[in-house]
Amino acid sequence: MRAREPAAAGRIERDGVRVGWERWDPPDPGDRDDLRLVGNPTLLFACTTPIVESRMWKAQIPWFSQRFTCIAVDPRGNGRSDRVADPAALADHESVRDLLAVLDANDVDEAVLVGLCSSAGIGLLVAAGHPERVAGLVAINPGLDVTASTDVMLAARSKPPGPHFEHSVAEAVCRLRRRQPRDRSVPDTAASAR
């Protein structure tokens, strides 16, 4: 028995591989101020590796889904996702594309990505390659080596920004360091109503 059942579940298909996802929508807050949030971002929970399914988040999603729309993705090779025979189908850039396709399938333009361990690196790759899709990144115990050799760091810094996938987390970090932060200020709704 689950603490909270998802509101929707489905699969996206990319290059013949189906990737499963589940979505939990927050309840109507009614008169509860503690559930009334400005902006109400969607949280996208990514899994660490193909040997773990999205239920790894079973202790977090029931609480967060009372306040936010939450989407959990099963990685290729586990849960409701297809098993793949070709190791290339498990590459980081495939995980990035899967997460973006799941956001598209749920009509989500921008989300806060939640990653644990290696999925924090996937979140960095999404943020660096598609900053318009990422409202924030929660990196839990990332265990990432973002200190690459000087040659790798210099090569990454010299790449022009564009819609390409980084080949390493170090390149993603370099790209994020070059990016100007977006204005995330909340408009004063009281002033604009006058």
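The values are calculated or read from the model by the stated rules, or taken from the named source; none is laboratory data. From a predicted model like this one, the values you see are computed outputs, not experimental measurements. For neighbour counting, all protein chains shown are included, and Cβ atoms are generated from backbone atoms with ideal geometry for every residue, glycine included.
Summary of values
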{"item": "Test: residue in the stretch 43-52 that is of a type in the set (G, A, S), surrounded by fewer than 23 Cβ atoms within 10 Å (Cβ to Cβ) and either modelled with pLDDT under 95 or within 13 Å of I12 (Cβ to Cβ) (or both)", "result": "no"}
{"item": "The stretch 79-91, subset at pLDDT below 90 and within 18 Å of the chain's Cα centre (by Cα), residue surrounded by the most Cβ atoms within 10 Å (Cβ to Cβ)", "result": "L90"}
{"item": "Cβ pairs under 6 Å, 6+ apart, first in the stretch 80-108 and within 17 Å of E53 (Cβ to Cβ) and in contact (Cβ under 8 Å) with a residue 24 or more places away in the chain, second part of a helix (DSSP H, G or I) and of a type in the set (A, V, I, L, M, F, W, C)", "result": "S95/I122; L99/V126"}
{"item": "Contacts under 7 angstrom Cβ, first residue in the stretch 25-48 being farther than 28 Å from L125 by Cα, partner at pLDDT 60 or above and surrounded by fewer than 16 Cβ atoms within 10 Å (Cβ to Cβ), 6 or more apart", "result": "L35/P29; R36/P29"}
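To keep it simple, each residue is scored yes or no on (1) part of a loop (DSSP other than H, G, I, E, B); (2) surrounded by fewer than 16 Cβ atoms within 10 Å (Cβ to Cβ); (3) of a type in the set (V, I, T).
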| position | (1), (2), (3) |
| --- | --- |
| N40 | yes, yes, no |
| P62 | no, yes, no |
| R67 | yes, no, no |
| D104 | no, yes, no |
